[in-house]
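Let me begin by presenting the structure, written as structure tokens, before commenting on it.
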């Protein structure tokens, strides 16, 4: 099951085994390759533009919310009828939370903050696209990123955006969160977990910095 940890679904499967996960939240699903590769009793997919018909793919224990993540978390907070069945099943706490939505600092950090409300002491978080591969890849606007890449005569269409800033912010402003970043295989991702520790020295004087 863990023969190739270059892929998100293999990493998630390993983490699920480590914390005996039974439920899973994925923010940013698109075609659903990672989501459908996992095998947990309860799985929740959130994406404003799903690239498949949920009615064609749904199985018992799978929930699809085709909406922005802000709306999804808002519905959870309000106990909206849209999420009431889900709220009853998982009691609003996820074991594994995979954040792979819009590749910007502002959005990835907000998804992390919102996810904290629906986590518990053993929840494992995964933030995708944690390390940009070059300066063009790190531009937080996808169209501009790809345009600048073409101007520099560079091939390919990778876009990690400025998600990496989220990791610095968590380091500086969330002393109860520890993390490690996978660098040497596949797409860089940061794994985070709650822990009690001494506050480490801040890297920046303020969030603006």
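The values are calculated or read from the model by the stated rules, or taken from the named source; none is laboratory data. All of these numbers come straight from a predicted model, not from anything done at the bench. For neighbour counting, all protein chains shown are included, and Cβ atoms are generated from backbone atoms with ideal geometry for every residue, glycine included.
What the table below lists for this structure:
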| item | result |
| --- | --- |
| Region 43-62 - residue that is surrounded by 13 or more Cβ atoms within 10 Å (Cβ to Cβ) and more than 17 Å from the chain's Cα centre (by Cα) and, of those, nearest to residue 163 (Cα to Cα) | 52 |
| Filtered residues of region 16-42 (kept if outside any loop (DSSP other than H, G, I, E, B) and more than 14 Å from the chain's Cα centre (by Cα)) | 16, 17, 18, 23, 33, 36, 37, 42 |
| Residue 111 vs. criteria under 22 Å from residue 192 (Cα atoms), in contact (Cβ under 8 Å) with a residue 40 or more places away in the chain, out of contact with any strand residue (DSSP E or B) (no Cβ under 6 Å at 6 or more places or on another chain) and not in a loop (DSSP other than H, G, I, E, B) | no |
| Residues satisfying the stated conditions in region 148-165, i.e. at positive phi and surrounded by fewer than 18 Cβ atoms within 10 Å (Cβ to Cβ) | 153, 156 |
| Any hit, region 88-98, residues being part of a loop (DSSP other than H, G, I, E, B), more than 19 Å from residue 12 (Cβ to Cβ) and under 12 Å from the mean Cα position of the chain (by Cα) | no |
| Residues that are under 26 Å from residue 24 (Cβ atoms) and out of contact with any strand residue (DSSP E or B) (no Cβ under 6 Å at 6 or more places or on another chain), drawn from region 124-157 | 129, 131 |
| Criterion (crowded, with 16+ Cβ neighbours inside 10 Å and without any contact (Cβ under 8 Å) to a residue 40 or more places away in the chain) met by exactly one of 35, 98, 73, 94 | 35 |
| Extreme residue, modelled with the highest pLDDT, among residues of region 13-65 that are at positive phi and out of contact with any helix residue (DSSP H, G or I) (no Cβ under 9 Å at 6 or more places or on another chain) | 20 |
| In region 114-143, residue modelled with the highest pLDDT [restricted to those that are over 14 Å from the mean Cα position of the chain (by Cα) and part of a helix (DSSP H, G or I)] | 143 |
| Qualifying residue in region 69-83 (condition: touching a helix residue (DSSP H, G or I) at 6+ places or on another chain (Cβ under 9 Å), in the same structural domain as residue 37 (by TED's automatic domain parsing), within 16 Å of residue 174 (Cβ to Cβ) and not in a loop (DSSP other than H, G, I, E, B)) | no |
